[in-house]
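Enquirer: This is the structure I want to talk about, given as structure tokens.
The values are calculated or read from the model by the stated rules, or taken from the named source; none is laboratory data. A quick note: this is a predicted structure, and the numbers were derived from the prediction, not measured. Ideal geometry is used to build each Cβ from the backbone, glycine not excepted, and the neighbour counts take in all protein chains shown.
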């Protein structure tokens, strides 16, 4: 037997005809990269504001970052042509550590997350006093998502000329929630500018409630599409189709597409209580492992509501909380 036949040292290696060196897994650190903030994402292209707020750079993401790794609100590092001149293209080589991440799922049973915005520290929950009718359960969901992400929620009630928002606001009387009232003919622009200045603020809400109208009032150059409410269904028509950030003073406001549902499949049920400060204070008296659901034995929240300690809206607040818990735990009993 010729053992040389099996000797790997005698195997001829085909030379690389192009003479290219093998790719290295070591990536450059890009110490000279330019910092920027992603203001919009559109089919693999990113609009990035750099140090000069009037200079916007169009960029692509480096392959090693992976698909979908960059979202509106991300603070990133750029290399290449960052002049912002027409026809130029920079490259995003690094996404800095995120402080917050606002997410939602398609529904409560879907664990797949849809990222809305990164690094927001305030959320404007925009709701109309009428046309379309306000939906307290949807607001509850926004509150849960905000508290879960570590974002301060602020409630903005529009179209207050059509209806008194006081009955709707009673649903949140137990929360330390800042409320801004707005009329189409007299939007509180000074108050809103003060809320946005120095912050990255994301505006969310049901279709047709007036998010884009407020954004256009704050940033006339934005020219965000707006639409009327269907007179038959009472629902708003989707107008904004992308998530875009606009500079307001030393801050940013992020307009998002209107939604009719906001899934919380990514939120752990035990973290939901953070959205209900009035209930959370009572929950400290609950026995260990209490689920706070209707069948939970010795639940201090149920006892407090039954005794009237949480006021006339206590039952509505607890019902809202338990409704959300049941949506994440389908096996939980319904009242």
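Enquirer: Tally time: how many residues in the stretch 173-221 are out of contact with any strand residue (DSSP E or B) (no Cβ under 7 Å at 6 or more places or on another chain) and either assigned to a loop (DSSP other than H, G, I, E, B) or within 27 Å of residue 273 (Cα to Cα) (or both)?
Expert: Result for the stretch 173-221: 7.
Enquirer: Conditions first: (1) surrounded by fewer than 18 Cβ atoms within 10 Å (Cβ to Cβ); (2) touching a helix residue (DSSP H, G or I) at 6+ places or on another chain (Cβ under 9 Å); (3) at pLDDT 85 or above; (4) farther than 25 Å from residue 99 by Cα. Residue 206 passes all but one, so which condition is the exception?
Expert: (1)
Enquirer: Here's something else I'd like to know. So, in the stretch 306-324, of the ones that are closer than 9 Å to residue 279 by Cβ and part of a helix (DSSP H, G or I), which residue ends up nearest to the chain's Cα centre (by Cα)?
Expert: 321
Enquirer: Residue under question is residue 66, and the condition is that it be closer than 28 Å to residue 149 by Cα and surrounded by fewer than 14 Cβ atoms within 10 Å (Cβ to Cβ); does it hold?
Expert: Yes, satisfied.
Enquirer: In contact (Cβ under 8 Å) with a residue 12 or more places away in the chain and farther than 21 Å from residue 71 by Cβ: is that true of residue 99 in this structure?
Expert: no
Enquirer: For residue 273, are the conditions met, namely being within 21 Å of the chain's Cα centre (by Cα), at pLDDT below 85 and either surrounded by 13 or more Cβ atoms within 10 Å (Cβ to Cβ) or part of a helix (DSSP H, G or I) (or both)?
Expert: Considered against the rule, which asks whether it is within 21 Å of the chain's Cα centre (by Cα), at pLDDT below 85 and either surrounded by 13 or more Cβ atoms within 10 Å (Cβ to Cβ) or part of a helix (DSSP H, G or I) (or both), residue 273 comes out as no.
Condition check ((1) over 24 Å from the mean Cα position of the chain (by Cα); (2) in a loop (DSSP other than H, G, I, E, B)) across all residues:
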| position | (1), (2) |
| --- | --- |
| 52 | yes, yes |
| 60 | no, no |
| 64 | yes, no |
| 68 | no, yes |
| 72 | no, yes |
| 76 | no, no |
| 94 | no, no |
